[in-house]
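Step one of this worksheet: look at the structure below.
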């Protein structure tokens with residue numbers, strides 16, 4: 001079971017093995033890149049490699065790997081930036097012998113970088129789990145281009161390593177989607193939906209109900225996505241409101257490349273009857289109908305009613321919604337709010353408990369709480385001042401208990417005030433999301449009517 005990874009060599013690798021202590025120095029200091037040299041010396045360390053028995057190279061002689069890499073850099077005039085890339089391939093303890101591990105490492109490196117880059121491959125035996133190290137020149141000896149180190153390269157290394165391991169009948173870790181930043185990772189760890197999760201589900205739904213790229217684009221546009229690059233390009237990408245940058249569809253996984261999506265569309269054509277793209281079944285009433293039904297209630301246009309409508313929309317993402325209808329699901333912007341459903345329910349409970357039905361009533365409630373908190377804090381401060389002049393331990397203890405009792409009164413009031421402030425700040429955002437949903441739905445209805453008119457002709 002092998003794990004992989006790599007990172008750029010920029011500096012500070014001298015701490016592994018100091019260049020100055022290396023007895024094999026043969027190059028003038030003026031032309032020596034210390035970081036590249038230190039990386040090579042680290043992976044070739046005799047103590048770790050069983051007297052260099054498991055040190056090999058690709059596209060350069062292992063005895064002169066450093067000199068060859070530096071010659072390539074000087075030839076193309078690319079001595080700055082990342083000097084190399086340092087990678088690893090680690091195996092579970094006891095699963096693989098040193099010689100076999102080295103062969104797997106060589107084959108992995110050859111398939112990953114062997115066409116364009118000089119590589120040193122070593123197998124370290126100094127830990128319980130045998131592992132390979134790769135030092136890859138950052139500049140291609142063939143083209144002079146620098147290795148760009150994209151997320152897809154890390155995924156590719158993992159896939160190549162898994163393929164080679166399976167060829168040698170070794171176990172592999174089940175593949176999981178790569179999350180490119182800490183925020184996305186921890187969101188996934190906490191069971192929350194990320195933008196990519198939402199997009200992946202929407203693309204799957206669009207593909208399932210489409211037979212061409214144009215129909216997929218139509219489905220995704222109906223959900224509120226905008227194409228930065230459509231399927232005319234090799235790497236189509238989309239963006240939604242609230243996203244900082246577009247997401248490439250092929251970055252969602254191996255089933256989302258342009259070629260694979262085309263294959264999935266062909267499978268749909270050969271299958272049973274495909275749903276029309278505007279009649280896909282979703283558990284959803286149109287927003288316009290929901291709004292009409294809610295406004296027919298006695299409490300028209302109240303803050304409570306607005307929260308009821310919004311929560312009803314969020315429940316769609318949890319499955320606790322109304323009967324099945326033939327309408328589109330919520331947009332990615334709205335579904336991202338489902339993570340805050342508990343807070344919305346807490347806020348709605350406060351509105352109901354305190355009989356708050358207008359924004360003015362909310363502001364008045366918040367101001368009243370602030371006044372109560374201020375009065376109690378002043379009272380507590382007075383007790384603290386008295387406590388400084390307390391003459392006996394008994395008096396001191398009694399004053400502390402009084403202060404503690406006041407604190408216990410303040411805590412729930414502060415919580416209610418915080419919720420009220422949150423409601424006040426949240427309402428404009430909720431109104432914006434509702435308006436976005438309304439516009440998407442109206443735009444979609446117009447598209448459907450236009451398409452139906454075209455069919456009638």
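The values are calculated or read from the model by the stated rules, or taken from the named source; none is laboratory data. Only a predicted model underlies this, so the values are computations on that prediction, with no experimental measurement involved. Quick reminder, even Gly has a Cβ in these numbers, built from the backbone with ideal geometry, and neighbours come from all protein chains shown.
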**Fill in**
For region 415-433, the count of residues that are loosely packed, with under 13 Cβ neighbours inside 10 Å and modelled with pLDDT of 85 or more equals 2
**Message:** Can you find, within region 216-242, the residue that is farthest from residue 267 (Cα to Cα) among those that are touching a helix residue (DSSP H, G or I) at 6+ places or on another chain (Cβ under 8 Å), at pLDDT 85 or above and assigned to a helix (DSSP H, G or I)?
**Reply:** 220
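One line per residue, one yes/no per condition, for (1) surrounded by 12 or more Cβ atoms within 10 Å (Cβ to Cβ); (2) more than 30 Å from residue 310 (Cα to Cα):
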position	(1), (2)
350	yes, no
356	yes, no
361	yes, no
370	yes, no
374	no, yes
380	yes, yes
383	yes, yes
388	no, yes
400	yes, yes
**Request:** Out of the residues in region 221-238 that are surrounded by fewer than 16 Cβ atoms within 10 Å (Cβ to Cβ) and under 16 Å from residue 202 (Cα atoms), state the one that is farthest from the chain's Cα centre (by Cα).
**Result:** 230
**Message:** I'd like to check something: does region 389-396 contain any residue that is under 15 Å from residue 422 (Cα atoms), assigned to a helix (DSSP H, G or I) and out of contact with any strand residue (DSSP E or B) (no Cβ under 9 Å at 6 or more places or on another chain)?
**Reply:** no
**Item:** Residues satisfying the stated conditions in region 154-175, i.e. in the same structural domain as residue 59 (by TED's automatic domain parsing), in contact (Cβ under 8 Å) with a residue 60 or more places away in the chain and either in contact with a strand residue (DSSP E or B) (Cβ under 8 Å, 6 or more places away or on another chain) or closer than 28 Å to residue 71 by Cβ (or both)
**Value:** 154, 157, 158, 161
**Message:** Among the residues in region 158-165, are any at pLDDT below 90, under 28 Å from the mean Cα position of the chain (by Cα), in a helix (DSSP H, G or I) and surrounded by fewer than 19 Cβ atoms within 10 Å (Cβ to Cβ)?
**Reply:** yes
**Message:** Looking at (1) modelled with pLDDT of 60 or more; (2) at negative phi, which one does residue 24 not meet, given that it meets all the others?
**Reply:** (1)
**Request:** Search region 75-87 for residues that are not assigned by TED's automatic domain parsing to the domain that holds residue 145 and pair each with any residue that is surrounded by fewer than 21 Cβ atoms within 10 Å (Cβ to Cβ) and part of a helix (DSSP H, G or I) when their beta-carbon atoms are under 6 Å apart and the residues are at least 6 apart or on different chains.
**Result:** none
